[in-house]
Amino acid sequence: MKLKQFLIVAAAAVVFSLPISAHANEGGVALKHAEVDVTDQKQIRRGLTVFTDVCMGCHSAVYVTYKGLMDYPEIGLSREAVDELRGEHPLAAGMVTDLSPEDAEVSYGKVPPDLSIITSARRGGADYVYSILTGFEHDPHGKVPDGNFNEYFPGNRIAMPDPLGWLDHDESDTAELDQQAQDVAAFLAFIADPHQNERHTIGVWVMGFLILLVIVLGLLKKEVWKDVKH
């Protein structure tokens, strides 16, 4: 493979290895775009606060340990902050809601899903989470009770009540609620793959090394064969 061809292939590999956001959910409705940054510690920490204050009332994130909240540099909480969050739970325990499956069945008719990998499991990822949280509306046909109609949920009828109070919120609260939805989407996007930033960094260095190696080998070949007649 010639040097030019290799560089084209390498560039394409880098581009296609980057995450691509889906633009529609399973119901075919175009999702809203969430402004999330899984390298932004401030946004991820804000999202953690929304998750623990709001989402954990019903949902768990069992694959994320309290110790991980200290160990992942993108979160990097202090031991004191983690101890305050975990209460009596072991440091190595996952983040589990206090809502029992039995009570969830009675209240919502189903057990709320674990959110550890929700952005990987749902088409649209962080956009899906953000759209759902800001998609509560009044059913235009009056068939779905207020608080259970969601424009972005497949079928529009969702068991989860409006967690942020988006429905009928004051216009002055729009920016704050919108930010909360984006922040928790960023947190969930990070915990779904907490090593993604490290992996991407290593990938860039590896691709850079390979490109440099090919250039050096190309120059070496040219030097070795320069006096050979073809």
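The values are calculated or read from the model by the stated rules, or taken from the named source; none is laboratory data. Since this is a predicted model, take the numbers as computed values, not measurements. Positions of Cβ are generated from backbone atoms using ideal geometry, with glycine treated the same way; all protein chains shown enter the neighbour counts.
Could you run through the stretch 169-207 and say how many residues are part of a helix (DSSP H, G or I), of a type outside the set (A, V, I, L, M, F, W, C) and closer than 19 Å to THR39 by Cβ? Break it down stepwise before answering.
Pass one, the stretch 169-207, residues part of a helix (DSSP H, G or I): 171-191, 196-207.
Add one more test, that the residue is of a type outside the set (A, V, I, L, M, F, W, C), and what stays is 171-174, 176, 178-180, 182-183, 196-201, 203.
In the following step, the residues that additionally are closer than 19 Å to THR39 by Cβ were identified as 179, 182-183, 196-201, 203.
Count: 10.
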key: Breaking point among (1) of a type in the set (Asp, Glu); (2) loosely packed, with under 12 Cβ neighbours inside 10 Å; (3) at pLDDT 95 or above; (4) part of a loop (DSSP other than H, G, I, E, B), for ASP114   = (2)
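Within the group VAL38, VAL50, VAL62, which residue is in a loop (DSSP other than H, G, I, E, B), modelled with pLDDT of 95 or more and within 30 Å of ASN156 (Cα to Cα)?
Numbers: VAL50 fails: in a loop (DSSP other than H, G, I, E, B); VAL62 fails: in a loop (DSSP other than H, G, I, E, B).
Result: VAL38 is the single residue among VAL38, VAL50, VAL62 that is in a loop (DSSP other than H, G, I, E, B), modelled with pLDDT of 95 or more and within 30 Å of ASN156 (Cα to Cα).
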Residue count for the stretch 126-168, restricted to those that are of a type outside the set (Lys, Arg), surrounded by fewer than 23 Cβ atoms within 10 Å (Cβ to Cβ) and not in a loop (DSSP other than H, G, I, E, B) = 1
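I'd like to know if the stretch 46-60 contains one or more residues that are within 26 Å of ILE132 (Cβ to Cβ) and of a type in the set (Lys, Arg).
So the first thing to find is which residues in the stretch 46-60 are within 26 Å of ILE132 (Cβ to Cβ), and the list is 46-60.
With the extra rule that they be of a type in the set (Lys, Arg), the set shrinks to 46.
Yes; the residues of the stretch 46-60 include at least one that is within 26 Å of ILE132 (Cβ to Cβ) and of a type in the set (Lys, Arg).
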note = Flagged pairs (Cβ under 9 angstrom, 6 or more apart or on separate chains; first in the stretch 58-72, surrounded by fewer than 19 Cβ atoms within 10 Å (Cβ to Cβ); second in a helix (DSSP H, G or I)) are TYR63/ILE191; LYS67/VAL82; MET70/ARG79; MET70/ALA81; MET70/VAL82
Unmet criterion (only one of (1) part of a loop (DSSP other than H, G, I, E, B); (2) closer than 17 Å to ALA192 by Cβ; (3) of a type outside the set (D, E, K, R)) for SER120 = (1)
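Within the stretch 87-102, which residues are surrounded by 13 or more Cβ atoms within 10 Å (Cβ to Cβ) and either among the small types (Gly, Ala, Ser) or under 22 Å from the mean Cα position of the chain (by Cα) (or both)? Break it down stepwise before answering.
Looking only at the stretch 87-102, we keep the residues that are surrounded by 13 or more Cβ atoms within 10 Å (Cβ to Cβ), and these are 89, 91, 93-97, 99.
Result: ALA93, GLY94, MET95, VAL96, THR97.
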